[in-house]
Amino acid sequence: MIEWVPQDQMRMGDKSFDEALSSQESLPLSQETFEYLWDEYVSANQFHSPIGIPSLENVDNSLFESTEIKENHPNTEIVPVEPIKNAVIVLPIQNSVSSSNAAYIPSSLPASHNWSGPHDFNVSFELQEKNTKSVSWTYSTIKDKLYVGKDSPCPINFSAKNIVSDPVFIRATALFRSPEHASEVVHRCVNHSMSESSKGVFEAEHLVRCESQMADYEIHPTTKRHSVIVPFENPPDGQLFSTYIYKFTCFGSCAGGPNRRPLMLVFSLEKEGKVIGQQKLDIKICACPGRDKKTEEKQLGNKETLEVPSKRKEMVLWKTAGNFSSQIEVLTIHRIQN
């Protein structure tokens, strides 16, 4: 089929075509009328490709050749026109995405629970000989919390059972512990990351570092979370765990970074991109780890010892009120006597 172009869009030098149109206005709209008009249009030797109908390079031109036109007009070039049945229908763009074709987008809140997995993955710390305020790091078993100084090397032990020769990795990720900040990315403050950023260091904004030549720093393409991964090595002979040295390159109080928001560390054991074990612990990066540990453990102990039954609280308040009222009565009598 052919799309007809209005007469004013045709650049016709000869008036014979216009005269033919005016003389055939009374003809019915039949196939004979169309063929007659088409022959007159071609005979004007001013043939132009109709506007809006694209030509196909891969369509057989023999489908559109006319033997009668070739015989009557040998100098006329035949331009193929696409049939309507092969026309391409362009549908409007829709914003909806099919669930079957949609790409998987991970959650912005990663898992943060303890799970030993099939290999009994575990994280531990060695006992320190001295537990003073001047230590560079210390671990509280009561609070399950690591206290460590900024840029202080901290040895962390990892153990797993029945690890085969396939490559297995340990991923360390820092997260905000409070729900109101859990979706935000943990990164260094500008003050501490500026020196490395100016040198083009990729991990300049990464808070967690691992002192290993095999360490690889990653930024998730969707969630933009920072993490560091290292290959898990089998423990040395006579030892049940493998030790890695970690550092933390910002204080927990740095403005523009952690900004005094509680932090936690999540260690994941991964194989072929899948998590096969996970452990978490709270962390505080401070100037005096030993002092902060004792202070928080004492506060936790005071909270537990101060929990008394409600009857005992009422009794204590009643005695205090009674002593206070008796003191008021004594002071009043003393003033009257004077």
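On inspection, Ile219 qualifies as closer than 20 Å to Gly273 by Cα, without any contact (Cβ under 8 Å) to a residue 12 or more places away in the chain and in contact with a strand residue (DSSP E or B) (Cβ under 7 Å, 6 or more places away or on another chain). When the stretch 202-221 is filtered for residues that are among the polar types (S, T, N, Q) and either open to solvent by less than 90 Å² (accessible area, probe 1.4 Å) or within 13 Å of Thr173 (Cβ to Cβ) (or both), only Ser212 remains.
Taking the conditions (1) in a loop (DSSP other than H, G, I, E, B); (2) more than 23 Å from Gly277 (Cα to Cα); (3) open to solvent by 20 Å² or more (accessible area, probe 1.4 Å) in turn, Val135 satisfies each one other than (3). For the stretch 222-257, give me each residue that is within 30 Å of Ser178 (Cβ to Cβ), among the polar types (S, T, N, Q) and either crowded, with 18+ Cβ neighbours inside 10 Å or touching a Lys or Arg at 6+ places or on another chain (Cβ under 8 Å) (or both). Residues satisfying the conditions are Ser227, Thr249, Ser253. Filter the stretch 269-280 down to residues that are open to solvent by 10 Å² or more (accessible area, probe 1.4 Å) and in contact (Cβ under 8 Å) with a residue 24 or more places away in the chain, then give me how many there are. Number satisfying all stated conditions: 8.
Scanning the stretch 258-268 for residues that are of a type in the set (Val, Ile, Thr) and open to solvent by 10 Å² or more (accessible area, probe 1.4 Å) gives no hits.
When you look at Leu300, is it open to solvent by less than 60 Å² (accessible area, probe 1.4 Å) and either modelled with pLDDT under 95 or assigned to a helix (DSSP H, G or I) (or both), yes or no? Answer is yes for this residue.
In the stretch 142-158, is there at least one residue being more than 27 Å from the chain's Cα centre (by Cα) and without any contact (Cβ under 8 Å) to a residue 40 or more places away in the chain? No, every residue in the stretch 142-158 fails to be more than 27 Å from the chain's Cα centre (by Cα) and without any contact (Cβ under 8 Å) to a residue 40 or more places away in the chain.
The values are calculated or read from the model by the stated rules, or taken from the named source; none is laboratory data. In this text the structure is predicted, and so the values were computed from the model without any measurement. Positions of Cβ are backbone-derived with ideal geometry, glycine not excepted, and every protein chain shown enters the neighbour counts. For accessibility, only protein heavy atoms count, side chains too; no ligands or nucleic acids. Shrake-Rupley method; radii C 1.70, N 1.55, O 1.52, S 1.80 Å.
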